[in-house]
Amino acid sequence: MTWQPEADELARRRAFADALGGPEAIDRHHAQGRLTVRERIAGLVDAGSFQEVGKLTGKGTYEGGRLVKVVPAPYVMGLASIDGRPVAVGGEDFTVRGGTSWGSDRRKGGQGGFVEDLAHEYRIPLVNLIDGAGGSVTSATRRGYTVFPGVHGFERSVQLMAEVPVVCAVMGTAAGGPAGRAILAHWSVMVKGTSQVFAAGPPVVERSLGQKIDKEALGGAAVAVDMAGTIDNAADSEGDCFAMIRRYLSYMPQNVWELPPAVACDDPPDRREEALLTIVPRERRQPYNMRKLLGLVVDRDSTFEIQPTFGRAVITTLARLNGKVVGVIANNPMVNGGAMDVKAARKQAHFIQLCDTFHIPIVFLVDVPGFMVGQQAEQAATLREGMRSVYIALQATVPMLTVVIRKCYGMAGMGTTDKNGLDFKIAWPSAEWGSLPVEGGAAAAFKREIQAAPDPAAKLRELEAQLRELASPLLTAEAFAVEDVIDPRETRAYLCRFVDAMQGRLATTLGIKARAGVPP
């Protein structure tokens with residue numbers, strides 16, 4: 001007695017699944033510079049770790065009761081590991097029906113489906129490798145009627161955002177539902193030149209608006225990442241994309257009921273960098289390299305920047321201090337003098353929400369003269385988006401540490417402090433703060449006095465000089481209105497001590513919420 005015939009039949013059916021859409025479809029896919037979904041999963045996860053689920057799913061063709069062919073379902077998914085930690089991973093197979101769903105009682109993935117249930121039930125990260133064109137009007141022909149927009153499944157997609165890290169990688173052309181799914185992520189990435197994302201593609205745009213446009217100009221990385229911020233990061237190749245996903249997940253806990261993973265650190269926490277003493281110019285309006293400054297403070301080679309090409313007036317990056325994960329928000333004086341425009345405000349709010357969801361303490365490196373001003377800034381609703389970032393910061397529960405490097409003014413400056421927590425602020429000797437900068441502020445506050453002076457320009461300079469004397473951070477420190485003014489070379493050691501000390505608080509908060517049975 002043996003079950004070898006049945007085992008052979010399973011092997012034959014699995015071979016149909018491994019063949020995807022067939023050699024010609026695979027060749028066309030490769031000719032566009034894209035990997036197949038099976039190649040993508042193999043390139044992303046630990047070698048040999050992928051346990052596929054639903055490999056036999058497809059449409060069989062039978063002759064005389066004997067199976068002669070199976071067209072596999074256009075979705076591949078299952079359980080795998082990345083750096084030894086389990087993840088749920090899945091993606092559309094573009095070589096079969098362009099990755100569009102073919103309909104079944106239970107979806108494998110894409111929007112909802114088994115792969116998202118797996119992430120939810122096991123509390124493990126979800127990685128979506130998106131390469132699908134969404135719905136088609138031909139579905140009405142198949143059904144014989146039209147249905148309301150949307151499918152069941154987005155409910156789980158939304159639920160996962162409060163439970164586990166969700167990564168969406170746009171690997172090809174994503175429109176409609178797959179494009180929407182790409183946005184429901186804590187972090188998203190696309191590949192330059194070979195992936196695009198938009199609500200609807202060029203044919204729909206031409207028919208609706210009369211605009212002829214190719215898909216790269218409509219939703220390539222230059223638009224979706226750099227201009228719109230729809231997708232967070234762009235990779236140079238699919239291999240680079242996989243490396244970025246692995247690195248991003250290395251900062252994340254498995255779920256919201258755990259703390260981010262700490263790693264052994266061979267970078268001394270008390271390292272003093274002499275370059276910090278000279279990095280900020282004495283000329284207050286002269287820019288400097290904030291990324292270089294940041295790199296001198298955090299653990300060496302520990303940064304992973306989120307949205308580096310969008311909202312460039314602020315830098316948002318994951319990093320480590322003495323091996324512990326932190327989120328760093330740093331103003332960039334090389335763009336708008338560090339003033340917060342509408343894109344920077346959106347970017348900062350998004351990053352704070354990410355850190356708060358996964359218990360990542362936030363370090364602000366502050367050099368912000370305030371919200372961007374002027375007619376264009378007002379038309380862009382900078383004030384609304386800026387105050388939304390302040391609102392989100394005030395709602396966050398993770399510890400925050402504020403280091404004022406130079407300017408900290410107005411409501412944008414207020415959004416860099418932990419008002420509902422320890423409200424711990426330290427400053428460099430170059431720091432200054434207030435409701436608004438002396439320049440402009442003096443002209444507004446003393447307008448009549450300046451106009452009445454024999455030499456208005458000289459009077460304005462005199463008043464500004466007086467106000468600058470009062471703006472010394474040492475005077476504020478005397479009143480304990482700032483907790484400390486430090487030698488810039490002490491920054492790393494100071495921050496490492498406090499990040500180490502707050503780990504107990506993070507764990508305690510996590511435990512209290514876990515016992516209450518609610519997501520932290």
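If you go through the range 65-111 one residue at a time, how many are at pLDDT below 90 and small (Gly, Ala, Ser)? Of the residues in the range 65-111, 8 are at pLDDT below 90 and small (Gly, Ala, Ser). Checking Thr61, Thr2 one by one, the residue that is out of contact with any helix residue (DSSP H, G or I) (no Cβ under 8 Å at 6 or more places or on another chain) and open to solvent by 70 Å² or more (accessible area, probe 1.4 Å) is Thr2 and no other. Residues in the range 363-400 that are of a type in the set (D, E, K, R) and in contact with a helix residue (DSSP H, G or I) (Cβ under 8 Å, 6 or more places away or on another chain): Asp367, Glu385, Arg388. List every residue pair whose Cβ atoms lie under 7 Å apart, where the two residues are 6 or more positions apart in sequence or sit on different chains, the first residue falls within the range 356-370 and is in a helix (DSSP H, G or I), and the second residue, located anywhere, is of a type in the set (S, T, N, Q). Pairs found: Asp356/Thr397.
For beta carbons closer than 8 Å, sequence separation of 6+ or different chains, a first residue in the range 118-144 that is not assigned by TED's automatic domain parsing to the domain that holds Val53 and a second that is modelled with pLDDT of 65 or more and open to solvent by 20 Å² or more (accessible area, probe 1.4 Å), there are no qualifying pairs.
Filtered by the rule that a residue be closer than 16 Å to Val68 by Cβ and not in a helix (DSSP H, G or I), the range 11-40 gives Ala19, Gly22. Any idea which of (1) touching a residue at least 60 places away in the same chain (Cβ under 8 Å); (2) more than 36 Å from the chain's Cα centre (by Cα) is the one Ala465 doesn't satisfy? Result: Ala465 passes all but (1). Filtering the range 46-58 down to residues that are modelled with pLDDT of 95 or more and assigned to a strand (DSSP E or B), which residue is most open to solvent (accessible area, probe 1.4 Å)? This residue is Gln51. Kindly check whether there is at least one residue in the range 267-290 that is crowded, with 16+ Cβ neighbours inside 10 Å, outside any loop (DSSP other than H, G, I, E, B) and either touching a Cys at 6+ places or on another chain (Cβ under 7 Å) or of a type outside the set (D, E, K, R) (or both). There is at least one residue in the range 267-290 that is crowded, with 16+ Cβ neighbours inside 10 Å, outside any loop (DSSP other than H, G, I, E, B) and either touching a Cys at 6+ places or on another chain (Cβ under 7 Å) or of a type outside the set (D, E, K, R) (or both).
Of all residues in the range 154-174, those satisfying the criterion of being open to solvent by less than 10 Å² (accessible area, probe 1.4 Å) and not in a loop (DSSP other than H, G, I, E, B) are Ser157, Leu160, Val166, Val167, Cys168, Ala169, Val170, Ala174.
Filtering Ala235, Ala243 for residues that are within 19 Å of the chain's Cα centre (by Cα) and free of Cβ contacts under 8 Å to residues at least 24 places away in the same chain leaves a single hit, Ala243. Note on the range 308-324: residues that are open to solvent by 10 Å² or more (accessible area, probe 1.4 Å) and either part of a strand (DSSP E or B) or not assigned by TED's automatic domain parsing to the domain that holds Phe358 (or both) amount to 2. Does the range 293-307 contain any residue that is open to solvent by 20 Å² or more (accessible area, probe 1.4 Å), under 30 Å from Met372 (Cβ atoms) and assigned to a loop (DSSP other than H, G, I, E, B)? Within the range 293-307, one or more residues are open to solvent by 20 Å² or more (accessible area, probe 1.4 Å), under 30 Å from Met372 (Cβ atoms) and assigned to a loop (DSSP other than H, G, I, E, B).
Has the range 80-87 got at least one residue that is surrounded by 22 or more Cβ atoms within 10 Å (Cβ to Cβ) and assigned to a helix (DSSP H, G or I)? Checked the range 80-87: no residue is surrounded by 22 or more Cβ atoms within 10 Å (Cβ to Cβ) and assigned to a helix (DSSP H, G or I). Among the residues of the range 371-397, those identified as touching a residue at least 40 places away in the same chain (Cβ under 8 Å), assigned to a helix (DSSP H, G or I) and open to solvent by less than 20 Å² (accessible area, probe 1.4 Å) are Thr382, Gly386, Ser389, Ile392, Ala393.
Please enumerate the residues belonging to the range 330-370 that are crowded, with 18+ Cβ neighbours inside 10 Å and among the polar types (S, T, N, Q). Listed by number, the residues that qualify are Asn331, Asn332, Asn336, Gln348, Thr357.
The values are calculated or read from the model by the stated rules, or taken from the named source; none is laboratory data. Since we're looking at a predicted model, the values are computed, not measured. We place every Cβ from the backbone using ideal geometry, glycine too, and count neighbours over all the protein chains shown. Accessible surface areas use protein heavy atoms only, side chains included; no ligands, DNA or RNA. Shrake-Rupley method; radii C 1.70, N 1.55, O 1.52, S 1.80 Å.
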